[in-house]
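None of the figures in this text is laboratory data; all of them are computed from the coordinates on show. A quick note: this is a predicted structure, and the numbers were derived from the prediction, not measured. Counting neighbours? That spans all protein chains shown, and the Cβs are built from the backbone with ideal geometry, glycine included.
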Amino acid sequence: MIRTTHLPLLVTLGTFVIAFALCAWQYPAIFSTRVAANLLTDNAFLGIAAVGMTFVILSGGIDLSIGSVIAFTGVFLAVILRDTNIHPLAAFALVLVITTAFGAAMGAVIHYLEMPAFIVTLAGMFLARGAAYVLSTDSVPITHEFFSTLQDIYWKAPSGGRFRLIGGVMLLTFIIGAIVAHRTKFGQNVFAMGGGAATARLMGVPLASTTIRIYAISGGLAGLSGIVFSLYTSAGYSLATVGVELDAIAAVVIGGTLLTGGYGFVAGTFFGILIMGLIQTYIVFDGSLSSWWTKIVIGGLLFAFILLQKGLTWATRTGKRQSTGLATPS
Amino acid sequence: MPDQPTPMLQARGVTKYFPGTIALDDVDIDLFGGEVHALLGENGAGKSTLIKCLTGAYRRDEGTITLEGEPVSPASTAESLSLGIGTVYQEVNLLPNLTVAENLFLGRQPTRFGMLSRKKMVNLARKTLAEFGLDIDPAEPLTSYSVAVRQVVAIARAAEMSGKVLILDEPTASLDREEVQLLFSVIRKLRDRGLAIIFITHFLDQVFEISDRATVLRNGQNVGMRRLAEVTQKDIVTLMLGRQLEERIHVRSGGTAGELLVSADTLSKRGMIEPFSLDIHKSEVVGLAGLLGSGRTETANLLFGAVQSDHGDVKVKGKKIRLSNPRDAISHGFALCPEDRKTEGIVGELSVRDNIILALQARQGWSRPLSRSKINEIAEHYVEALDIRLASLDMPIRLLSGGNQQKALLARWLATDPDFLILDEPTRGIDVGAHSEIISLIEDLRDKGMALLVASSEMEELVAYSTRVIVLKDREQACELTGDDITTANIVHAITDETLERPSNART
Ligand SMILES: Nc1ncnc2c1ncn2[C@@H]1O[C@H](COP(=O)(O)OP(=O)(O)OP(=O)(O)O)[C@@H](O)[C@H]1O
Ligand SMILES: [Mg+2]
């Protein structure tokens, strides 16, 4: 049975299918494993970060720091691998601990000081970017052979597409993210907060630990995203990934999650990412269009989805007959 | 039972300050397992504040609490829940974005292999709700059900979570008789299981029916505990008010209708209400009776343009009017005081003053602001007329007690001085003293020539002031009572009697 709450997800899915069909009709070459593989690889870092953003937005918050955290992670890895003998795996673990703790700290400030998430994570954005500059202002190449080993892991599809490790990491993140959001008590608490923090509190939802965990997840996934990004570019650069938080927000909203929280699906974000990736692919295939068209189309889509959500909220509020369902007294 | 040596829950010297008020002043309360303990008091007496201090929703400024003899100090609602204290707060208790089952089990969801099991949750929810007389699909979003259903779900949730103490803050305000009986049978079952139950309400009949003892608060102080078997309603009311309530014998004073003001002709909305026709005259009160979901609120909303009709039309003084939204209605001198004050009424963050003048200002148009002194005059007038208890006119309205919010909302619509006033459950959550004031207010307005349509689930009240009573059933007008036929017994009869004929035959 289709419920109205599923509608945004279905619309996202429908949009993707139609967009894909249109692209494939014009450029049949798009319909190939190669394009599919590239879509996953090119958007891996954004997808991972968007999973974290989905949790944040579901809870009614926002995290503006992730672009900076991704850049910081890249620079941190590049510098530490250049200057020390630490094994990359240890460096990964270290940077994940740092970014998770950073997110948790922002969550704690948001909850305990009752500050708007917007302000706190904006400060976090400047902090992380600043820390990246302090480590290095130049682009630092990563030459460790372990990186090449990781970059060379792929699965070659029969028709030629190479599905790389980082795309797999993104898929795994989405799967785990979906399970945590929709199948755990913590996930339910996230939705509860998005539905109304004051009511959730009266219902016994532990707001403090939930908030802290949400931003810790977002920070940690931004760290993971940074690792993936450094694998993707083989470098760390403090000016990289500016504005990625906004792309992630766009993906989440296009994926059908209500920007004010409470309604949405992690799987929706996945299709949001694919739609955005598809637009880019189309522009590459076309060759003559400026890449700015990506932004324009995404802007239009965002607007359409926000309108759709408004319409749906309005429709469920007024149109529906409320049944009583009370047992009729005899 | 109530004479067990150690109380289940004992509070001593609970004190709570708010800016400008002492909400609780050194309050003691003892609750025993296996008793239903009523907590009574006027609007703003501190009942809700006391239970919030007990459950950790508010931090108390002073006082100690013991649970089964052990000192406890719940610092959050989560903690009191884990101690076995389940609570239904007076405000909205559930989350609109979750399903019924998710709401019911939030915090203690059934799991399989560490994952939530939705199937199990829905099945369990269905079983639990059946015990409470609800036969609904728990996998549906909460918002697809009426306020009454949500209330029952909230109660079911609290009851399931409470191992020791169950606190119900005005749980029956939005329920009608049958549902109240259903709730009471559940309460009795839980009481016999040994739970200590706190029951807050303004319905004294219900207090005497279900409770063993009652603690009365007045202005934040405990003014006495009574064994209900030993006292009368009058004693309790006197204790609550600190004075005798003048005996209001409910003499019917239906008044005589003046000229025709509003008439609806086969107005309907598919899925909401069947076509109905209704004439309302000046100086008359038309009462709307019926069970929950019988179409009372729908009728009111349709006449106010809050819901757009898909058939029929409305005439004012014989002239057909456009009625596609509330603004149209307001411009013709209509006013509607809605049932669900939390979602349709108050603007929580705005001050009490702004909430009161909101509708008047809206009718004037925002380009012609009311003067500051005029605003104050109006607000002060109604605060006094309706006896709204507040620390200052500037405080945000959400900080008022539940009953006082209701009164402020009533003031908002009275301030527009309408020709045709629609009241949907005007006395819900209002204390005994204020209750009779509002009844006489309605009678005054009627005698001054206003036309009123009042939907209420309190039949005694309808009998007291209605010129005519229309009984709704299954979203249709079942019959109309006039004159001496307006009695509680006849209304009950009309509501329950399956064989009753159509309006034309029922009229005598
Ligand atoms: N958060 C708050 N800030 C300031 N004042 C408050 C706050 N909460 C309650 N009050 C005040 O404390 C007093 C007691 O309110 P409370 O809600 O406990 O009354 P009540 O007995 O439950 O009344 P009702 O029957 O109307 O629900 C009221 O005067 C109210 O305005
Ligand atoms: Mg109260």
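Extension gain for the segment A:Leu113 to A:Lys295, taken as residue separation times 0.36 nm less the Cα-Cα distance, is 61.9 nm to one decimal. Near B:Asp176, once Lys and Arg are set to +1 and Asp and Glu to -1 for all other residues with Cβ below 12 Å from its Cβ, the sum equals -1.
Where in chain B lies the longest segment free of trypsin sites (Lys or Arg not before Pro) that are both loop residues by DSSP (not H, G, I, E, B) and have at most 13 other Cβ atoms within 10 Å? The longest such stretch corresponds to B:60-192. Under the simplified labelling scheme, the B:Arg270-B:Thr496 pair shows an inter-label distance of 3.6 nm, with each label point 7 Å from Cα along Cα→Cβ. Of the DSSP H helices in chain A, those that are both long (alpha-carbon extent of 30 Å or more along the helix axis) and hydrophobic (Kyte-Doolittle mean at least 0.5) are A:33-58, A:88-112, A:207-233, A:266-286, A:292-318. By the helix-only formula, in which each DSSP H run with n ≥ 4 contributes -39500 (n - 2.57) and the sum is divided by residues, the protein assembly as shown has a 222 nm mean residue ellipticity of -15500 deg cm²/dmol. With R₀ fixed at 22 Å, the C-beta to C-beta distance from A:Ala304 to A:Ala198 puts the FRET efficiency at about 0.10.
Counting pairs of alpha carbon atoms under 8 Å apart in space and at least six apart in sequence, what relative contact order in percent does chain B give? All intermediate terms of the calculation are to be shown ahead of the outcome.
Values: 1024 pairs, mean separation 78.9, N = 508.
For chain B, the relative contact order is 16 percent.
Would you please classify the overall shape of chain B from the alpha carbon gyration tensor, given that a ≥ b ≥ c denote the square roots of the eigenvalues, rounded means a/c under 1.5, and beyond that prolate means a/b larger than b/c while oblate covers the rest? Prolate, because a/c is 1.5 or more and a/b exceeds b/c.
Quick check on the protein assembly as shown: of the DSSP beta bridges with both residues there, what percent are antiparallel, nearest 5%? All intermediate terms of the calculation are to be shown ahead of the outcome.
Details: 51 of 89 bridges.
Counting DSSP beta bridges with both partners in the protein assembly as shown, the antiparallel share is about 55 percent.
How would you classify the protein assembly as shown from its alpha-carbon gyration tensor, with a ≥ b ≥ c the square roots of the eigenvalues: rounded for a/c under 1.5, else prolate if a/b is greater than b/c, otherwise oblate? Could the numbers behind the result be given before it?
On the way: a/c = 2.27, a/b = 1.69, b/c = 1.34.
Prolate, because a/c is 1.5 or more and a/b exceeds b/c.
Taken along the Cα-to-beta-carbon direction at a fixed 7 Å, the label points for A:Thr184 and B:Glu91 span 2.9 nm. Can you tell me the mean projection area, over all orientations, of the convex hull of the stretch A:8-106's alpha carbons? Units nm², please. Value for the stretch A:8-106: 9.1 nm². Here B:Glu131 and A:His6 are evaluated by their C-beta separation; at R0 = 25 Å the FRET efficiency comes out at 0.25.
For the pair A:Tyr133 and B:Val347, label points projected 7 Å from Cα toward Cβ lie 4.3 nm apart.
Strictly over 32 Å apart at the Cα level, which of B:Lys189/B:Lys269; B:Lys269/B:Lys317; B:Lys374/B:Lys407; B:Lys120/B:Lys164; B:Lys269/B:Lys319 would you flag in this model? Please list the in-between numbers first.
Numbers: B:Lys189/B:Lys269 41 Å; B:Lys269/B:Lys317 23 Å; B:Lys374/B:Lys407 20 Å; B:Lys120/B:Lys164 25 Å; B:Lys269/B:Lys319 22 Å.
With Cα atoms farther than 32 Å apart: B:Lys189/B:Lys269.
Got a sec? Which residues in the stretch B:276-314 would a label at B:Asp205 touch, if it sits 7 Å along Cα→Cβ and we count backbone N under 17 Å? Hits in the stretch B:276-314 for B:Asp205 at 17 Å: B:288-292. Just checking the listed ones, A:Thr73, A:Thr210, A:Thr99: in the Gaussian network model of chain A with Cα springs under 10 Å, the one fluctuating most is A:Thr210.
For Cα pairs less than 8 Å apart in space and 6+ apart in sequence, what is the mean separation divided by the residue count of the stretch B:342-417, i.e. the relative contact order in percent? Please list the in-between numbers first.
On the way: 81 pairs, mean separation 38.6, N = 76.
Value for the stretch B:342-417: 51 percent.
If exposed GluC sites (Glu not before Pro) are those in a DSSP loop with at most 16 other Cβ within 10 Å, what is the longest stretch of chain B that has none? Spell out each step's value before the answer.
Details: sites that count: B:Glu68, B:Glu91, B:Glu246, B:Glu247, B:Glu259, B:Glu349, B:Glu498, B:Glu501.
Between exposed loop sites, the widest span is B:92-245.
Between B:Thr232 and B:Glu380, what is the FRET efficiency for a Förster distance of 41 Å, r being their Cβ-Cβ separation, to the nearest 0.05? Walk me through the numbers on the way to the answer.
Values: r = 37 Å, r/R0 = 0.90.
My answer for the efficiency is 0.65.
If you find the alpha carbon centre of the stretch B:30-71 and of the stretch A:14-59, how far apart are they in angstrom? Value for the Cα centre distance between the two parts: 55 Å.
Can you give me the span-like helices of chain B, meaning DSSP H runs with 15 Å or more of Cα extent along the axis and Kyte-Doolittle mean at or above 1.0? Each step should come with its number before you reach the end.
On the way: long enough: B:118-131 (20 Å, -0.79); B:147-161 (21 Å, 1.08); B:177-192 (22 Å, -0.32); B:352-364 (19 Å, 0.11); B:372-385 (20 Å, -0.78); B:402-414 (19 Å, -0.43); B:432-447 (23 Å, 0.21).
Correct list, ordered by number: B:147-161.
Which of A:Ser65, A:Ser148, A:Ser230 moves the most in a Gaussian network model of chain A with Cα springs under 10 Å? Looking only at A:Ser65, A:Ser148, A:Ser230, the biggest GNM fluctuation is shown by A:Ser148. Taking only the C-alpha atoms of chain A, the Rg (one decimal) and the largest Cα-Cα distance, Dmax (whole number), read 20.9, 82 Å.
If both residues of a DSSP beta bridge must be in chain B, then about 55% of such bridges are antiparallel. If a spin label sat at a point 7 angstrom from the Cα of B:Thr15 along the line to its beta carbon, the backbone N atoms of the stretch B:42-57 nearer than 20 Å would be those of B:45-57. Taking amide hydrogens as placed 1.01 Å from N in the peptide plane, the amide H of B:Leu453 sits under 5 Å from those of B:Val286, B:Leu421, B:Ile422, B:Leu423, each at least 5 positions away in sequence or on another chain. Net charge of the neighbourhood of A:Leu122, taken over other residues with C-beta under 15 Å away and scored Lys/Arg +1, Asp/Glu -1, is -1.
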